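Accompanying notes for the structure given below.
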Amino acid sequence: MILTVKHLRKQFENCLAVDDISFSIETGEITGFVGPNGAGKTTTMRILATIEQCTDGLVELDGRSLLEYPELARKHIGYVPDSLPSNSDMTVHEYLDFFARAYGLKTPKRQETVSQLEEFTNLVGIREKYIDSLSKGMKQRVSIARALISDPDFILMDEPAAGLDPRARIELRELLKILCEQGKGILISSHILSELSEICTSTVIIERGELLKSGKISEVVKEVTSSNKRVIHIRALESSEELSKKLILEPLVSKISVLGNDIEFEYEGSDEQAADLLSVLIKGGFHIVAFGFKQQNLESVFMNITKGDVQ
């Protein structure tokens with residue numbers, strides 16, 4: 001299945017939160033939804049989940065409009081908001097059972113579904129605990145279990161790793177991989193770009209409500225770095241200051257930065273010219289320990305194309 005956004009706009013009183021963005025996500029893929037704070041990510045997700053109405057544009061599920069048929073979203077889209085459940089009078093089991101009833105599941109199907117979700121999200125041991133007594137990581141698991149009650153084809157996750165400890169983030173990452181293997185399409189927003197790079201195959205990057213890039217991460221990285229301006233990382237036994245003075249004289253070198261015993265700089269030459277540069281440095285008496293092009297990833301692409309502006 002394909003969830004498609006076409007020319008989506010959302011105008012609040014004095015703010016254009018989403019400005020004519022178009023992209024698509026597919027089942028069986030994890031798509032990283034990336035942008036600075038205030039970029040419009042949460043608003044977009046709320047529109048896709050039919051919680052918020054757009055000012056203009058279309059959201060389609062396999063060609064059928066969710067604006068005309070919002071019931072499709074209830075069946076095919078699960079939403080994990082950035083706010084976690086905080087019910088003080090409900091246990092984990094009661095909370096999930098309540099939403100299963102809201103989705104119209106009847107006994108014994110409802111009991112079977114809730115039990116399976118508690119086991120899948122590792123909530124069995126705390127099913128009788130009250131929600132407001134849980135840690136943030138456990139509340140996040142409850143929120144994910146709730147979003148899975150209808151067995152949706154797509155899951156929208158708004159900053160699910162925010163505030164989680166390292167172990168909880170790792171467990172969340174593994175859970176997302178399992179869901180993807182089950183054929184679900186996942187749109188996940190996060191500020192932890194290094195982790196998104198590990199699990200995402202596609203990305204959508206927005207800023208100030210505008211779409212900057214979208215598509216397969218490998219293709220976006222290739223497009224952004226197509227200018228042939230790449231980053232070289234060097235480590236030498238000599239002083240970084242002396243090495244940087246030498247590099248300044250090289251015509252294809254720019255934006256030199258010293259990082260302790262390491263140096264990074266932008267290089268506009270070919271692989272052959274980079275090899276010649278290494279030869280020049282060695283002949284100049286520098287003892288090079290490491291020399292190579294720095295691999296570009298989602299984090300470097302984000303830093304290259306965004307300005308950090310907020311609305």
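Laboratory data are not the source of any read-out in this text; all were calculated from the coordinates shown. Predicted model only: the values in this text are computed from it and were never measured. Virtual Cβ from ideal backbone geometry, glycine too; neighbours counted across all protein chains shown.
Here the relative contact order of the stretch 1-139, from alpha carbon pairs under 8 Å that lie six or more residues apart, stands at 21 percent. Cross-link partners of Lys213 among aspartates and glutamates, defined as those whose alpha carbon lies under 15 angstrom from its own and excluding same-chain residues fewer than eight positions apart: Asp19, Asp20, Glu223, Glu299. Our note on the geometry: Cα centres of the stretch 233-311 and the stretch 43-115, 49 Å apart.
The value of relative contact order for the chain, using C-alpha pairs under 8 Å at least six residues apart, is 22 percent.
Is any residue of the stretch 58-76 close enough, with backbone N under 12 Å, to a label point placed 7 angstrom from the Cα of Tyr103 along the Cα-Cβ axis, and if so, which? From the stretch 58-76, the list is 74-76.
Our helix-only sum for the chain, with -39,500 (n - 2.57) per DSSP H run of n ≥ 4 divided by its residues, gives a mean residue ellipticity at 222 nm of -10500 deg cm²/dmol. The lysines within cross-link reach of Lys255, meaning a Cα-to-Cα straight distance under 22 Å and a gap of 8 or more places when in the same chain, are Lys222, Lys229, Lys245, Lys246, Lys294, Lys307. Seen from a random direction on average, the alpha-carbon convex hull of the chain projects onto 19.6 square nanometres.
For Glu52, the shell of other residues with beta-carbons less than 10 Å away shows a net charge of +2, using +1 for Lys and Arg and -1 for Asp and Glu. Farthest towards the positive end of the charge dipole of the chain, among the residues Cys200, Ser65, Leu211, is the Cα of Ser65, using unit charges on the Cβ of Lys, Arg, Asp and Glu.
For the pair Ser254 and Glu266, label points projected 7 Å from Cα toward Cβ lie 0.5 nm apart. For Lys184, a cut-off of 15 angstrom between C-alpha atoms picks up these aspartates and glutamates, skipping any fewer than 8 places away in its own chain: Glu26, Glu29, Asp62, Asp151, Asp153, Glu174.
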